[in-house]
Amino acid sequence: VLLNIMYLMVETIQREEPTDTPEWRTIRETFKSELGSPLYNHEPVSVMLFGMVTKFCSGHAPHFPMKKVLLLLWKTIL
């Protein structure tokens with residue numbers, strides 16, 4: 001559920017509209033900078049998602065929803 005919410009947030013904030021207010025543009029830029037900054041365990045979200053892929057491929061965490069992880073990883077890298 002958390003991965004779905006994060007994916008929807010990234011997808012919604014990624015889209016720029018010509019009718020966006022300056023406040024919304026500021027929120028978008030803040031979100032982008034926070035997404036790239038170290039958060040949990042002093043690493044960015046994308047590094048954490050890469051770690052989830054590695055654990056899944058090595059068989060240490062077969063319960064991860066890989067489709068959702070890869071979609072979120074793709075969108076955060078963009």
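Just to confirm the number: angle between the C-alpha axis of helix 2-14 and the first principal axis of the chain, 0 to 90 degrees, nearest 10?
Between helix and principal axis, roughly 30 degrees.
Multiply the residue separation of V53 and K67 by 0.36 nm, subtract the distance between their alpha-carbon atoms, and state the gained length in nm to one decimal.
4.0 nm
Write down the Kirkwood hydrodynamic radius of the chain, to one decimal in angstroms, obtained as one divided by the mean of 1/r over all alpha carbon pairs.
13.6
Net charge near L3: determine it from the other residues with C-beta under 15 Å of the C-beta of L3, scoring Lys and Arg +1 and Asp and Glu -1.
+3
Carbon and sulfur atoms: what percent of the 1.4 Å accessible area of the chain do they account for?
65
Positive end of the charge dipole of the chain (Lys, Arg +1 and Asp, Glu -1 on Cβ, about the Cα centre): tell me which of L8, L71, T30 has its Cα farthest that way.
Highest projection toward the positive end goes to L71.
Mind giving me the FRET efficiency for S37 and E17? R0 is 30 Å, r the Cβ-Cβ distance, nearest 0.05 is fine.
It comes out at approximately 0.75.
The values are calculated or read from the model by the stated rules, or taken from the named source; none is laboratory data. Bear in mind the structure is a predicted one, so any value in this text is a computation, not a measurement. Virtual Cβ from ideal backbone geometry, glycine too; neighbours counted across all protein chains shown. In case anyone asks, the SASA skips ligands and DNA or RNA and just uses the protein heavy atoms, side chains included. Shrake-Rupley method; radii C 1.70, N 1.55, O 1.52, S 1.80 Å.
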